[in-house]
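J.: Supplied in structure tokens, the structure appears directly below.
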Amino acid sequence: MIYDCAIIGGGPAGLNAALVLGRARRTVALCDNNRPRNRVTHASHGFITQDGVTPSEFRRKAYADVLKYPSVQHYAVPVTEIIKEQGTFTVVVEGSEPIRARKVLLAVGLDETLPDLPGVGDVYGTSVFHCPYCDGWELRDQALIAIGDHPRIFHIAKLLFGWSRDVVICTNGTQVLDDEQKRQLSAKGIRVTEQRVAALHSEQGKLTEVEWTDGTRLARSGGFVMPQWTPHTVRFASLGFDTNEWGGIKTNELGESSVPGLFAAGEAATGMGAQLITAAASGSMAAMGVNTALMEEAFQE
Ligand SMILES: Cc1cc2nc3c(=O)[nH]c(=O)nc-3n(C[C@H](O)[C@H](O)[C@H](O)COP(=O)(O)OP(=O)(O)OC[C@H]3O[C@@H](n4cnc5c(N)ncnc54)[C@H](O)[C@@H]3O)c2cc1C
């Protein structure tokens, strides 16, 4: 059998794409190895009707929606390779026969690496996050710290001013803020330290103190860090798609990449952290792109 579309990745992007294609009566192989980026967090916010849902409940509901459509087949396996030959794709999966498809939609998201801060793994997803829009409300008016050795920390510092007036910015041993930026932050009561972090101390996932390498400590109850992101698409780079400055797959408005028949959605396409709702929306658009391409081909036969 040749599926109309193989969707690789079952996060909000891939699941919404599967929903749209299933409803369009397309045969879909939805391959997912269940390692979504937000698996460490306790609740997801900012998705209308789903505000505060746990990531596992979000996925349970999404799979229930998608698998109502009989033309969608779920493969709970990692995809290891994708080969394009004469207009069709072969999707190699672990522990099963290869899957053949006319179109492929990559919705594999990002691999996230936390900064090298001792103790960060104990608090990330509980009291320390990376996105104020996702978790700023829960940390509102608290004693916050934002740690980052990248110039973008300036943007995060200004953003956090909307959620708390007790914010410390730590550039962790680097000098990424210039004097004018420090002046602007100081004018708003945002303190800046260039000290290096020795450890984040916590109790049951709740940040309690930040310790610097000189042994001094500061009480903080929440914060933000800047992870590094690498799109999971790098393992499929031999397909030859163009990428944007963050490594995301460049697409047109309907999600098609520079490789005909290969589509991308969600964080696989942005190459940087986004949100559940934007990932789902781009999955929906890409599904319409896939369906349109299949429809046009049918009318040319
Ligand atoms: C701590 C934290 C908190 C967050 N909080 C929020 C929040 O409150 N609100 C919000 O909107 N967003 C939040 N996000 C961001 C949100 O998780 C992402 O924006 C969203 O998950 C991106 O969707 P996606 O479909 O592109 O990728 P993902 O959800 O990461 O899904 C990608 C899927 O592809 C699968 N996959 C990858 N490679 C393969 C392969 N080779 N074979 C098979 N399957 C594969 C993965 O297992 C995964 O299931 C948070 C993120 C983190 C880390």
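The values are calculated or read from the model by the stated rules, or taken from the named source; none is laboratory data. This structure is a prediction, so every number in the text was calculated from the model and none was measured. Don't worry about glycine lacking a Cβ; one is built from the backbone with ideal geometry, like all the others, and counts go over all protein chains shown. Each accessible area value is taken on the protein alone, full model and side chains, heavy atoms only, with ligands, DNA and RNA left out. Shrake-Rupley method; radii C 1.70, N 1.55, O 1.52, S 1.80 Å.
J.: Under a plain spin-label model, where a point goes 7 Å from the Cα along Cα-to-Cβ, how far apart in nm are Arg100 and Arg25?
T.: Spacing of the two 7 Å Cα→Cβ label points: 2.4 nm.
J.: State the extension gain, in nm to one decimal, for the chain segment bounded by Thr90 and Ser71, taking 0.36 nm per residue of separation less the distance between their alpha-carbons.
T.: Difference between extended and current length: 5.0 nm.
J.: Given contacts defined as C-alpha pairs under 8 Å and at least six residues apart, what's the relative contact order of segment 115-225, whole-number percent?
T.: Working: 222 pairs, mean separation 37.9, N = 111.
Computed over segment 115-225, the figure is 34 percent.
J.: Please work out how much length the chain gains when fully extended from Arg140 to Glu180, using 0.36 nm per residue of separation minus the C-alpha to C-alpha distance, in nm with one decimal. Could the numbers behind the result be given before it?
T.: Values: separation 40, 0.36 × 40 = 14.40 nm, distance 2.67 nm.
Extra length available between Arg140 and Glu180 comes to 11.7 nm.
J.: Past the 32 Å Cα-Cα mark, which pairs from Lys61/Lys158; Lys61/Lys206; Lys182/Lys206? Each step should come with its number before you reach the end.
T.: On the way: Lys61/Lys158 36 Å; Lys61/Lys206 29 Å; Lys182/Lys206 29 Å.
Violating the 32 Å Cα-Cα cut-off are Lys61/Lys158.
J.: Calculate, for Asp111 and Asp242, the FRET efficiency according to 1/(1 + (r/R0)^6) with r their C-beta to C-beta distance and R0 22 Å; round to the nearest 0.05. Don't jump to the answer; show the numbers that get you there.
T.: Numbers: r = 20 Å, r/R0 = 0.91.
So the FRET efficiency works out to roughly 0.65.
J.: Also: Compute all pairwise cysteine Cβ distances in the chain, then list the cysteines with no distance under 4.7 Å to another cysteine.
T.: Cysteines lacking a close Cβ partner in the chain: Cys5, Cys31, Cys170.
J.: Of Glu253, Glu94, which has the most accessible area with a 1.4 Å probe, and how do the rest follow in descending order? Mind showing how you got there, number by number?
T.: Working: Glu253 155, Glu94 105 Å².
Greatest to least solvent exposure: Glu253, Glu94.
J.: Per-residue ellipticity at 222 nm for the chain, helices alone: DSSP H runs ≥ 4 residues times -39500 (n - 2.57), over residue total, nearest 500 deg cm²/dmol?
T.: The helix contribution divided over the chain gives -7500 deg cm²/dmol.
J.: Still on this structure, I have one more. How much of the DSSP beta bridge set in segment 142-301 is antiparallel, as a percent to the nearest 5?
T.: 50 percent
J.: Related question: Summarise the accessible area of the chain (1.4 Å probe, protein heavy atoms) by the percent that is carbon and sulfur.
T.: Taking all protein chains in place, the chain shows 50 percent carbon and sulfur surface.
J.: How far is helix 55-66 tilted, in degrees, relative to the longest principal axis of the Cα atoms in the chain, given as a value from 0 to 90 rounded to the nearest 10?
T.: So the helix axis and the longest Cα principal axis differ by about 20 degrees.
J.: Evaluate E = 1/(1 + (r/R0)^6) for Glu194 and Asn252, where r is the Cβ-Cβ distance and R0 equals 30 Å; express this FRET efficiency to the nearest 0.05. Could the numbers behind the result be given before it?
T.: Details: r = 43 Å, r/R0 = 1.45.
Efficiency computed from Cβ-Cβ geometry: 0.10.
J.: Continuing with the same structure: Find out how many positive minus negative residues lie around Asp166, taking Lys and Arg as positive, Asp and Glu as negative, among other residues whose Cβ is under 12 Å from that of Asp166. Walk me through the numbers on the way to the answer.
T.: Numbers: positive: Arg140, Arg165, Lys188, Arg191, Arg220; negative: Asp141.
The answer is +4.
J.: How far is helix 276-300 tilted off the main Cα axis of the chain, in degrees rounded to 10, range 0 to 90?
T.: In the chain, helix 276-300 runs at an angle near 20 degrees to the longest axis.
J.: Under 16 Å from a label point 7 Å along Cα→Cβ of Gln228: give me every residue in segment 260-288 with its amide N that close.
T.: Within reach of a label on Gln228, which here means backbone N under 16 Å from a point 7 Å along Cα→Cβ, segment 260-288 contributes 272-273.
J.: Another question about this same structure. Can you say what percent of the DSSP beta bridges in the chain, counting only those with both residues inside, are antiparallel? Round to 5.
T.: That works out to approximately 45 percent antiparallel.
J.: Gaussian network model of the chain, Cα springs within a sub-10 Å range: biggest mean-square fluctuation belongs to which of Ala279, Ala219, Ala265?
T.: Of Ala279, Ala219, Ala265, the Gaussian network model singles out Ala219 as fluctuating most.
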